[in-house]
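Engineer: The structure's right below; bear with me while I get my questions together.
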Amino acid sequence: MLEEIIIPTSITVHLGRPSSPAENLTVDFIYYLKNVASSEIYPTWPYEALRANIWCQMSLVLNRVYTEWYRSRGYNFDITNSTAFDQAFVKGRNIFDSVSRIVDEVIGQYLQRPFYREPYYAEYCDGKIATCPGLKQWGTLDLANRGYDSMRIVRYYYGDTILLRESDNVQPITSSYPGYPLEIGSFGQPVFIIQELLNGIAVNYPNIPLIYPPDGIFGSVTESAVETFQRQFNLLVDGVVGRSTWNMLSRIYVAVRKLAELGSLGRLEGYFTGLWTGKVLRRGDVGIEVQQLQYFLSIVAEEYESIPAVTVDSRFGAGLERSVRAFQREFGLVQDGLVGESTWNTIYEVYESLI
């Protein structure tokens, strides 16, 4: 995965299904988007319908670029033109003027969920020949004719929390791999990234040791987590994160967090910064947010005898609920065992004061 959302200068399209021996074509990104829009929607549709569709097309391809969906699998392209996998692109086709004008207007605009770092995987289909749980292209025509604007059309299909973002971060697509192996003694942002990915994957593969606190230092716990991951996914078990392990970490993280699905669990904005993610945590929850809560509260519990000790295991069980209620009692909060914004922020503030 990339560390930032980019608007590519160019993109390489595979003219067929991913595994087919088809041509790869590298084109300017803005031409790519105009080609897709001209191939998938009618230029006579209302402006609001066209714009809503183009936002979705933009978001889907940016998601493919951000997640390195094909590159991390060893392919030498960024997206296909197969609508079974991606979106339509026709080599050498004419571009409609009405579509071209709107693409020029909205280039760099994409959809995103609050607190998530990836562009939203805005799945869509025509709604006549094919059906899907996302946006229906023919349905956008009906909604536009009923007076819906583009954002209202998008939210009709994806929910009221969907956001429209804009970026001018135009640059070539480059690999997220830092270019050198990470091992014992390595440090810095690339190490922090693999710690983040391993902790996220460990929610689904609890045999992988959790790395807390994630600190950007490649120590023995990180090495053990890497070795367990390599063993789990049939890689060379050497505790070193070279290109193949890096790519597999990205692929599995994208899969378990569902980053390339409508129901994405998200790559959390501000990972391990204490930023509340907008989700109220409660008994029964499982995930990265629970991990972070457990770690922050475990440090607090070491200093406050009234708060039971906390184990970091990604799962919000009865023991964690007791510790949350005890914390809420200690700090004058509503004792409901739920971790909303107020309880989360107070826990993090107390944690910060202790480290």
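The values are calculated or read from the model by the stated rules, or taken from the named source; none is laboratory data. Keep in mind that what you see is a predicted model, and the values were worked out from it rather than measured. Reconstructed Cβ throughout: ideal geometry from the backbone, glycine too, with neighbour counts over all protein chains shown.
Engineer: Check segment 110-127 and report whether any residue there is farther than 18 Å from Tyr158 by Cα and touching a Ser or Thr at 6+ places or on another chain (Cβ under 7 Å).
Structural biologist: No, segment 110-127 contains no residue that is farther than 18 Å from Tyr158 by Cα and touching a Ser or Thr at 6+ places or on another chain (Cβ under 7 Å).
Engineer: If I filter segment 204-254 down to residues being β-branched (Val, Ile, Thr) and in contact with a Phe, Trp or Tyr (Cβ under 6 Å, 6 or more places away or on another chain), which single residue comes out as nearest to Gly74 (Cα to Cα)?
Structural biologist: This residue is Ile208.
Engineer: Are any residues in segment 40-69 among the small types (Gly, Ala, Ser) and either modelled with pLDDT under 95 or part of a loop (DSSP other than H, G, I, E, B) (or both), and if so, which ones? Reasoning before the result, please.
Structural biologist: Here is the first cut: in segment 40-69, the residues among the small types (Gly, Ala, Ser) are 49, 52, 59.
Selection gives nothing.
Engineer: Right, another one. Which of the residues that make up segment 161-179 are exposed (fewer than 13 other Cβ atoms within 10 Å of the Cβ), over 16 Å from Ala52 (Cα atoms) and in contact (Cβ under 8 Å) with a residue 40 or more places away in the chain? Steps first, please.
Structural biologist: Of segment 161-179, the ones exposed (fewer than 13 other Cβ atoms within 10 Å of the Cβ) are 161, 166, 168-169, 171-172, 174, 179.
Keeping just the survivors that are over 16 Å from Ala52 (Cα atoms) gives 168-169, 171-172, 174, 179.
Those that are exposed (fewer than 13 other Cβ atoms within 10 Å of the Cβ), over 16 Å from Ala52 (Cα atoms) and in contact (Cβ under 8 Å) with a residue 40 or more places away in the chain: Asp168, Asn169, Gln171, Pro172.
Engineer: Quick check on segment 241-257. Is at least one of its residues part of a loop (DSSP other than H, G, I, E, B) and closer than 30 Å to Arg71 by Cα?
Structural biologist: Taking segment 241-257 as the starting set, the residues that turn out to be part of a loop (DSSP other than H, G, I, E, B) are 242, 257.
When the remaining residues are screened for being closer than 30 Å to Arg71 by Cα, the result is 242, 257.
Within segment 241-257 (the criterion being part of a loop (DSSP other than H, G, I, E, B) and closer than 30 Å to Arg71 by Cα), the answer is yes, since at least one residue qualifies.
Engineer: For segment 36-64, which positions are hydroxyl-bearing (Ser, Thr, Tyr) and either under 15 Å from Gly139 (Cα atoms) or surrounded by fewer than 22 Cβ atoms within 10 Å (Cβ to Cβ) (or both)? Explain how you work it out, then say what you get.
Structural biologist: We begin by selecting, within segment 36-64, every residue hydroxyl-bearing (Ser, Thr, Tyr); these are 38-39, 42, 44, 47, 59.
Correct list: Ser39, Tyr42, Thr44, Tyr47.
Engineer: Going through Gln171, Gln195 one at a time, which residue ends up being in contact with a Pro (Cβ under 7 Å, 6 or more places away or on another chain) and of a type outside the set (Phe, Trp, Tyr)?
Structural biologist: Working: Gln171 fails: in contact with a Pro (Cβ under 7 Å, 6 or more places away or on another chain).
Going through Gln171, Gln195 in turn, the sole match is Gln195.
Engineer: I'd like to know if segment 160-176 contains one or more residues that are touching a helix residue (DSSP H, G or I) at 6+ places or on another chain (Cβ under 7 Å), assigned to a loop (DSSP other than H, G, I, E, B), at pLDDT 95 or above and closer than 21 Å to Tyr31 by Cα.
Structural biologist: Within segment 160-176 (the criterion being touching a helix residue (DSSP H, G or I) at 6+ places or on another chain (Cβ under 7 Å), assigned to a loop (DSSP other than H, G, I, E, B), at pLDDT 95 or above and closer than 21 Å to Tyr31 by Cα), the answer is yes, since at least one residue qualifies.
Engineer: Take Glu40 and decide whether it is within 20 Å of Leu164 (Cα to Cα), acidic (Asp, Glu) and in the same structural domain as Ala22 (by TED's automatic domain parsing).
Structural biologist: no
Engineer: Looking at segment 221-241, which of the residues that are β-branched (Val, Ile, Thr) and touching a residue at least 12 places away in the same chain (Cβ under 8 Å) is farthest from Ile184 (Cα to Cα)? It would help to see each step written out before you state the result.
Structural biologist: So the first thing to find is which residues in segment 221-241 are β-branched (Val, Ile, Thr), and the list is 221-222, 226, 228, 237, 240-241.
Filter once more, so that each one left must be touching a residue at least 12 places away in the same chain (Cβ under 8 Å): 221-222, 226, 228, 240-241.
Values: Val221: 10, Thr222: 8, Val226: 11, Thr228: 15, Val240: 8, Val241: 10 Å.
Ranking the candidates gives Thr228 first.
Engineer: Considering only segment 8-34, state which residues are in a helix (DSSP H, G or I) and under 24 Å from the mean Cα position of the chain (by Cα). Can you show your working first?
Structural biologist: As a first pass, look at segment 8-34 and keep what is in a helix (DSSP H, G or I): 29-34.
Answer for segment 8-34, where residues must be in a helix (DSSP H, G or I) and under 24 Å from the mean Cα position of the chain (by Cα): Phe29, Ile30, Tyr32, Leu33.
Engineer: Within segment 332-343, identify whether any single residue is crowded, with 18+ Cβ neighbours inside 10 Å, assigned to a helix (DSSP H, G or I) and under 27 Å from the mean Cα position of the chain (by Cα), and answer yes or no.
Structural biologist: There is at least one residue in segment 332-343 that is crowded, with 18+ Cβ neighbours inside 10 Å, assigned to a helix (DSSP H, G or I) and under 27 Å from the mean Cα position of the chain (by Cα).
Engineer: With respect to the numbered conditions (1) touching an Asp or Glu at 6+ places or on another chain (Cβ under 7 Å); (2) surrounded by fewer than 22 Cβ atoms within 10 Å (Cβ to Cβ); (3) hydroxyl-bearing (Ser, Thr, Tyr), which one is the sole condition not fulfilled by Thr80?
Structural biologist: Failed condition: (2).
Engineer: Do you know which residues across segment 79-117 are touching a Lys or Arg at 6+ places or on another chain (Cβ under 6 Å) and part of a loop (DSSP other than H, G, I, E, B)?
Structural biologist: If the condition is that a residue be touching a Lys or Arg at 6+ places or on another chain (Cβ under 6 Å) and part of a loop (DSSP other than H, G, I, E, B), then Ser82, Ile95, Arg117 are the ones that fit.
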